[in-house]
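What follows draws every value from the coordinates through simple rules; no lab data is involved. What you see is a predicted model; the values in this text were computed from it and never measured. As a convention, Cβ positions derive from the backbone with ideal geometry for all residues, glycine included, and neighbour counts pool all protein chains shown.
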């Protein structure tokens with residue numbers, strides 16, 4: 001009697017087929033995950049590049065500091081001030097406050113006199129930065145920012161900057177970047193009370209300012 005040393009072909013083929021099926025499944029899953037990831041990134045990019053609504057009464061403010069930005073003429077008031085602390089190396093040179101007309105009228109009427117805190121608003125600040133600190137170091141050394149979080153790169157007016165949030169009397173969002181002509185640092189800040197129509201109005205105005213911000217010659 002002859003003993004066959006051959007293993008049945010069906011027993012060999014079956015594991016091979018199972019291996020091929022598993023490999024194909026892994027490849028398909030990887031491809032699906034890759035496509036899903038690329039789709040999510042594309043959707044995020046589209047969302048970021050989607051033009052924000054522009055109010056029909058939009059106008060432009062031209063600052064003494066060499067930049068312009070858009071805002072709603074009928075809804076907001078722009079107040080630009082020069083700081084008195086210009087002798088320090090990294091001092092504040094000036095500020096631009098953007099108020100709703102309601103808040104601007106209340107401030108002028110004395111509603112916040114006697115040391116009362118002004119309402120949350122939008123502020124653009126210009127600093128000298130004569131020591132030419134990098135943005136991250138400058139932010140860390142500036143005691144204006146407390147509880148810094150959600151730090152990420154940002155781009156505004158063609159300039160690379162840093163975007164982050166901080167806390168204090170109000171919740172704040174900031175974009176910090178250099179002026180392309182000098183070492184000055186510009187901070188565009190949005191303060192929020194936490195709820196209500198004022199926050200919504202300021203958020204819309206902030207989006208328009210960031211989107212329309214341009215440096216002038």
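Using Cβ counts within 10 Å as a stand-in for footprinting exposure, how do 178, 69 rank, fewest first?
178, 69
How do 95, 216 line up, fewest other C-beta atoms within 10 Å first? If you can, show how the numbers build up before the last one.
Details: 95 16, 216 10.
Sorted ascending by nearby Cβ count, the order is 216, 95.
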For 139, 82, ascending order of other Cβ atoms within 10 Å (fewest first) is 82, 139
